Amino acid sequence: MSAPIDLRNSPIGKIFPALGPFLLAAIFGFFALKGLASGAPGRGVLWVTVLALGCLGFGLVIARGAFDTSVQVVIDAKGFRDRRGGDVLVPWEKVRSVRLTSGKGSAMISFELTEEPPKAIRYAPANALGRLLPFGRNIVHMEISSLDMSGADMIAAIKRLAPQVVVSG
């Protein structure tokens, strides 16, 4: 029996996406200070300040994951467990196929199950679309671009741990 694979957040995968909101916060902050210094009307300066603080807060929410060193995903011979989306073990016997999709800097693994996923997984944010559409209800999506293992390495681990699962894409 193989040792479980514990995946954690990648600091790079969490800090880089936060750079955009931080940059916007700096730009809005600059214009808020410039507006204050030039005596601009208070209402406009207030809106720009609120935008700056909102972007700063959003960047902090995104970046905080870089400092979370707890295990996010566990893959072992029994199945997989994503603690970010339901924290429920999905056994390999219930997985029909696995597909890696990536593009534009993001990556996701889609698991097609033989039945509907447990309720805790269905209501995870990554799987919200599956609740709304009449098709695709047995597909579980796992975002992997922020984890410390590449998609190709995860697919190789799944092939090794669960050879009966069909890998497509």
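Listing for the model above:
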| quantity | calculated |
| --- | --- |
| Odd one out for Ser150 among (1) modelled with pLDDT of 80 or more; (2) surrounded by 14 or more Cβ atoms within 10 Å (Cβ to Cβ); (3) hydroxyl-bearing (Ser, Thr, Tyr); (4) more than 15 Å from Asn9 (Cβ to Cβ) | (4) |
| Lone qualifier among Ser10, Ser38, Ser2 - being more than 30 Å from Val167 (Cα to Cα) and polar (S, T, N, Q) | Ser38 |
| Within segment 90-112, tally of residues that are touching a strand residue (DSSP E or B) at 6+ places or on another chain (Cβ under 6 Å) and either part of a strand (DSSP E or B) or open to solvent by less than 30 Å² (accessible area, probe 1.4 Å) (or both) | 15 |
| Any hit, segment 17-33, residues being open to solvent by 40 Å² or more (accessible area, probe 1.4 Å) and under 28 Å from Val167 (Cβ atoms) | yes |
| Hits in segment 36-89 (condition: part of a helix (DSSP H, G or I), at pLDDT 85 or above, within 14 Å of the chain's Cα centre (by Cα) and buried (at least 18 other Cβ atoms within 10 Å of the Cβ)) | Ile62, Ala63 |
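The values are calculated or read from the model by the stated rules, or taken from the named source; none is laboratory data. Predicted, not measured: the structure shown is a model, and the values here were computed from it. Note that each Cβ is placed from the backbone with ideal geometry, even for glycine, and that neighbours are counted across all protein chains shown. Quick note on the areas: whole protein, heavy atoms, side chains included, nothing else; ligands and nucleic acids left out. Shrake-Rupley method; radii C 1.70, N 1.55, O 1.52, S 1.80 Å.
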